[in-house]
Amino acid sequence: MTRTGSTMLALGTTAPEFSLPDVISGQIMTRDQVAGPSGLLVMFLCAHCPFVQHVNRELARLGRDYAGRGIGIVAISSNDAEAYPEDAPKGLRAQGAQHGFTFPYLYDETQEIARAYQAVCTPDYFLFDAEKKLVYRGQLDSSRPGNGIAVDGRDLRAAMDSVLAGTPVAEEQQASIGCSMQVEVKTP
């Protein structure tokens with residue numbers, strides 16, 4: 001596990017389009033299908049990473065708490081399934097079932113979508129507003145495996161609540177920290 005910080009994609013960036021298979025339903029899903037009328041939360045996750053394992057329950061709770069409120073939520077795994085077999089679709093499906101994920105969980109086998117979002121770690125979170133403009137790219141909260149801080153989703157929930165209220169999201173944002181996806185991302 002290589003501890004990696006998010007690249008902090010520029011605020012205001014338009015959500016890149018995607019068309020990927022959902023490991024749960026088997027259907028191909030697009031950005032516009034999963035986006036809600038108020039926004040879209042794209043989370044880059046995987047099954048093997050201790051940082052994701054640390055927050056799985058909160059991610060499931062987040063999915064339940066925000067269901068039907070106007071922000072579409074989707075998880076994407078871009079990890080190399082040859083290097084990490086538990087991150088193949090079967091393992092991702094098991095992760096979603098074990099933790100009760102209520103959102104689609106897409107598989108980005110080529111890492112093309114991770115590169116488009118400049119996602120480099122798991123977990124990595126990207127919240128877009130109704131116009132699909134990036135308003136938050138940061139941590140779920142300050143909890144990390146072993147640091148003794150409770151997982152509560154505070155930072156991401158505050159950003160989502162701001163989007164739903166139509167108020168600006170705080171521009172001071174802490175980068176997400178997690179396992180490297182070993183994606184080569186070219187930043188401008």
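Just give me the residues in the range 113-170 being among the charged types (D, E, K, R) and within 14 Å of residue 70 (Cβ to Cβ), in sequence order. Listed by number, the residues that qualify are 129, 131, 132, 161.
Just one of (1) part of a strand (DSSP E or B); (2) without any contact (Cβ under 8 Å) to a residue 24 or more places away in the chain; (3) of a type in the set (Gly, Ala, Ser) fails for residue 178. It is (2). Across the range 100-111, a minimum of one residue is classified as small (Gly, Ala, Ser), part of a loop (DSSP other than H, G, I, E, B) and surrounded by fewer than 19 Cβ atoms within 10 Å (Cβ to Cβ).
Looking only at the range 2-19, count how many residues are among the polar types (S, T, N, Q) and not in a strand (DSSP E or B). Can you show your working first?
Taking the range 2-19 as the starting set, the residues that turn out to be among the polar types (S, T, N, Q) are 2, 4, 6-7, 13-14, 19.
Cutting the leftovers down to not in a strand (DSSP E or B) gives us 2, 6-7, 13.
Count: 4.
Can you tell me which residue is modelled with the highest pLDDT among those in the range 20-32 that are in a loop (DSSP other than H, G, I, E, B) and among the hydrophobic types (A, V, I, L, M, F, W, C)?
23
Here the range 70-79 is the region considered, the condition is being assigned to a loop (DSSP other than H, G, I, E, B) and modelled with pLDDT of 95 or more, and the residue that is surrounded by the fewest Cβ atoms within 10 Å (Cβ to Cβ) is 70. Scan the range 60-69 residue by residue and report those that are touching a strand residue (DSSP E or B) at 6+ places or on another chain (Cβ under 7 Å) and either closer than 22 Å to residue 27 by Cα or surrounded by fewer than 18 Cβ atoms within 10 Å (Cβ to Cβ) (or both). Hit for the range 60-69 is 63, nothing else. Looking only at the range 16-57, residues that are within 21 Å of residue 182 (Cβ to Cβ), touching a Gly at 6+ places or on another chain (Cβ under 7 Å) and surrounded by fewer than 17 Cβ atoms within 10 Å (Cβ to Cβ) come to 0 in all.
The values are calculated or read from the model by the stated rules, or taken from the named source; none is laboratory data. Just so it is clear, the model here is predicted, and its values are computed rather than measured. For neighbour counting, all protein chains shown are included, and Cβ atoms are generated from backbone atoms with ideal geometry for every residue, glycine included.
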